[in-house]
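The values are calculated or read from the model by the stated rules, or taken from the named source; none is laboratory data. Values in this document were obtained by computation on a predicted structure and should not be read as measured data. Using ideal geometry, Cβ is built from the backbone for each residue, glycine included, and neighbour counts are taken over all protein chains shown.
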Amino acid sequence: MCRSGVFSFVVKGTAPVGRWEPGDDAPMQYMILIYDDESVWASMPEAQSQQLFGEYRAYTEEMTKAGVLRGGDALKPVSTATTVRVREGKTLTTDGPFAETKEQLGGYYIVEVPDLEAALKWAAKCPSAAIGSIEVRPVMDFSG
């Protein structure tokens, strides 16, 4: 994921509207959540980061050509996050993320594929899988 602002893999898309029911053959949407250590990106040599940006462009293009990509974005650094809590009717805001962790959510893709196995295959191709971790979660559909 881009931490420097040099590269963006912003993707927008629309998915067919419909409600999936267990047993349907309809494709499912999955969110591919990309976690990595911002300090790794910050200390990465320019040539290596440019190589990874190229890998992200190719990855995004491959998903687009396969017709599975429904959206995605890179996120700004965790230092720009604000955490919101409401306690006893009072809104509390805190600069920064809720938890201190080594890996931070750096971006996401939404894919529409037949099943979890297909989503996991796409997640394994994500460039950050080699330097961070990828979480795959089904997207709930409340449209129906």
The lone condition TYR59 fails out of (1) more than 24 Å from ALA124 (Cβ to Cβ); (2) within 14 Å of the chain's Cα centre (by Cα); (3) part of a helix (DSSP H, G or I) is (1)
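Among the candidates GLY71, GLY54, single out the residue that is within 18 Å of the chain's Cα centre (by Cα), in a strand (DSSP E or B) and surrounded by 10 or more Cβ atoms within 10 Å (Cβ to Cβ). First the steps, then the outcome.
Numbers: GLY54 fails: in a strand (DSSP E or B).
Exactly one residue qualifies, and that residue is GLY71.
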Would segment 10-27 turn up any residue that is under 16 Å from the mean Cα position of the chain (by Cα), assigned to a strand (DSSP E or B), surrounded by 11 or more Cβ atoms within 10 Å (Cβ to Cβ) and at pLDDT below 75? yes
With the first residue restricted to segment 64-83 and required to be farther than 26 Å from ASP37 by Cα, and the second required to be aromatic (Phe, Trp, Tyr) and surrounded by 14 or more Cβ atoms within 10 Å (Cβ to Cβ), Cβ contacts under 8 Å at 6 or more apart or on different chains are VAL68/TRP122
